[in-house]
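Notes follow once the structure below has been shown.
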Amino acid sequence: MRSRVMPKPSWNLEYLMWVFTRLSGLSIILFVVIGISAGLLMGARTQMDLGTLMRWGFFPNPNHVLDSDIPDLFLWTNGFWQVMQILVVFFAATHGFNGLRVVLEDYSSPGFWQVFTRFLIFLLWIFSTLVGIYVIISS
Amino acid sequence: MALSRKVGLIAGAKYKGGGPMLSWVLHRISGLGIIIFVTLHVIASFLTQQLGSDLGIFVNTIYESIYFQLFIVFCAIFHGVNGFRIILLDIWPRLIRYQKESTWIEWFVIVPLYGLIVFIMIQRFLQG
């Protein structure tokens, strides 16, 4: 019996987003590891509780560490963390809204409503990414 | 013949997929949980920061409660670990033979990690 011949992957949306989901998933895990390790190096072990450190790990925004005992926010608010936050927002929002699209399209068939939900998710994606970046830059 | 996709909820729940199916279901639920939480949280923070809105503060107060945090931490840890498992199986497709075993390994990672976090957070919560 011959094995099944697989068609060559073409660069369509499904394939691109399949690859992107894996890469962005790995990069988000990496961002969390960087955020938590750098937080510990910056003195999180004695200055904040576990919940605060995890909030910082998920999203390194200075507002997440305001309630802790850090002497000054200087280390936690610089440009490096702003770049990190923008990367996290972009990767997480794209990964998440694409996942929402995949889940919804599992329960709908091609047609008008699928195009409509795609468009709606696209708008939500643009909106929340821009709002997220605005919050990062202005905080 | 194409695979029939018209499967109802009850027929779907009777499917004996075991560990990998449980992971698949939880991956979807945790993913949806995270995206709803993060989107509302971003919008609430935006409203609080820009307009000092009471609605934003109300939403963020719910999010800061320990019950909600325990839920969202589970979602994040499960989604991360299970996603990592999926990526590993995708990189080395030969390992798909052992996908049932891989879900056991996954729980061996999640249970201690999440258990430790729950223990510490509840301990701190009871201390006040």
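If you scan segment B:6-46, which residues turn out to be surrounded by fewer than 16 Cβ atoms within 10 Å (Cβ to Cβ), within 14 Å of chain A (Cβ to nearest Cβ) and farther than 24 Å from A:G25 by Cβ?
If the condition is that a residue be surrounded by fewer than 16 Cβ atoms within 10 Å (Cβ to Cβ), within 14 Å of chain A (Cβ to nearest Cβ) and farther than 24 Å from A:G25 by Cβ, then B:K6, B:V7, B:G8, B:L9, B:G12 are the ones that fit.
Name the one entry in B:I72, B:I86 that is in a helix (DSSP H, G or I), at the interface with chain A (Cβ under 10 Å from one of its Cβ atoms), out of contact with any helix residue (DSSP H, G or I) (no Cβ under 6 Å at 6 or more places or on another chain) and at pLDDT 90 or above.
Numbers: B:I72 fails: out of contact with any helix residue (DSSP H, G or I) (no Cβ under 6 Å at 6 or more places or on another chain).
Just a single option satisfies the conditions, and that option is B:I86.
Is there a residue in segment A:104-120 that is within 11 Å of chain B (Cβ to nearest Cβ) and in contact (Cβ under 8 Å) with a residue 24 or more places away in the chain?
no
Any residue at all in segment B:47-55 that is within 23 Å of the chain's Cα centre (by Cα) and surrounded by 14 or more Cβ atoms within 10 Å (Cβ to Cβ)?
First, pick out the residues of segment B:47-55 that are within 23 Å of the chain's Cα centre (by Cα): none.
Checked segment B:47-55: no residue is within 23 Å of the chain's Cα centre (by Cα) and surrounded by 14 or more Cβ atoms within 10 Å (Cβ to Cβ).
Counting only residues that are within 14 Å of chain B (Cβ to nearest Cβ), surrounded by fewer than 17 Cβ atoms within 10 Å (Cβ to Cβ) and among the hydrophobic types (A, V, I, L, M, F, W, C), give me the helices (runs of 4 or more DSSP H) lying completely in segment A:1-102 with at least 2 of them.
Working: elements: A:13-41, A:44-47, A:50-58.
Counting at least 2 such residues, we get A:13-41.
Within segment A:61-78, does at least one residue satisfy the condition of being under 27 Å from B:R85 (Cα atoms) and of a type outside the set (A, V, I, L, M, F, W, C)? Give the derivation first.
Within segment A:61-78, the first condition is being under 27 Å from B:R85 (Cα atoms), and the residues that meet it are none.
There is no residue in segment A:61-78 that is under 27 Å from B:R85 (Cα atoms) and of a type outside the set (A, V, I, L, M, F, W, C).
The values are calculated or read from the model by the stated rules, or taken from the named source; none is laboratory data. Computed from a predicted model, the values in this text were never measured in an experiment. Every residue, glycine as well, gets a Cβ built from its backbone with ideal geometry; the counts of neighbours run over all protein chains shown.
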